[in-house]
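The numbers here are math on the coordinates, done by the rules we state, and not lab data. Just so it is clear, the structure is predicted and the values come from calculations on it, not from any experiment. Here the Cβ positions follow ideal geometry from the backbone for every residue, glycine too, while neighbour counts run over all protein chains shown.
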């Protein structure tokens, strides 16, 4: 998600905007506290079969940068003592766990706003014989979780569709966490806030980048600083790709297909005019950014 927009003042940004993370129910990861063994791995063989809705470009293979220590490469599939029970974020029939937020359909139009989706950007469909969340990518925005999450472990699968909309011209999506601030606060990766205030498509957040050449990268959307501990660039598999994110004691870990691909710590939010402050909780987002993508088997639990 390339950075495009200039920084605006905090006062202008917050005027008339709801602070999304406030008022959401916190439950120490917003999952059941009962201990449970982790179910079997979510990964499936890569299979094609989603109904085509347009033309798309094939993603480029990624190259390896700095790999994490081998001791940290183990898949997160192993059960962990003290972890909460897995809870689904997608019931297979509705988007009941999420709010919809959409930015501007075009440069000359205002943002569509909250739960206003006339173009059906977000929907529930059947892909490869099972229910999935479809994000068309036509309008930039996100599904925003109704719950706030602190230390958590999330897993799920994504698969690209066939449609790529004008604008970016390549496949791009993402899973965001530690999300806070007003709707439309940012429109791109990097430190900049949207200008004018509220004209963006996303909440300030940290992103698990989903793009064929940059899977699993850890990206800030808005003025969040952090220290990178590890990064390696994996290659996507055909069909469904399995991803996981864990936030625990201030350290975030990203997995792709069972291997650690990124790790960072020290997340600090610096709103203009305010002293930097550590952040440890926020809502989740699933990103719409110019290309069709499907998500399924989204589950979350309290981090052990």
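Annotations for the structure displayed:
- Averaging the sequence gap over all C-alpha pairs within less than 8 Å and six or more residues apart, then dividing by the number of residues, gives the range 150-304 a relative contact order of 35 percent.
- Contact order, relative form, for the range 179-231: 35 percent (alpha carbon pairs under 8 Å, 6 or more residues apart, mean separation divided by residue count).
- Overall dimensions of the range 99-186, expressed as equivalent-ellipsoid semi-axes from the Cα gyration tensor (√(5λ), whole Å, largest first), are 21, 20, 13.
- Ranked by the mean number of other Cβ atoms within 10 Å of their residues, highest first, the peptides 173-180, 158-165 come out as 173-180, 158-165.
- Over the range 93-234, relative contact order from alpha-carbon pairs under 8 Å, at least 6 apart, %: 19
- Take 227-236, 135-144, 184-193 and order them by the average number of nearby Cβ atoms within 10 Å per residue, most first; the result is 135-144, 184-193, 227-236.
- Span from the the range 107-164 Cα centroid across to the the range 165-232 one, whole angstrom: 15
- Global size of the range 231-302: 15.1, 46 Å for Rg and Dmax (C-alpha atoms, Rg to one decimal, Dmax whole).
- Extension gain from residue 191 to residue 96, taking 0.36 nm per residue of separation minus the Cα-Cα distance: 31.1 nm
- The range 145-238: translational diffusion in µm²/s, Stokes-Einstein, Kirkwood Rh over Cα pairs, 20 °C, 1.002 mPa s: 145
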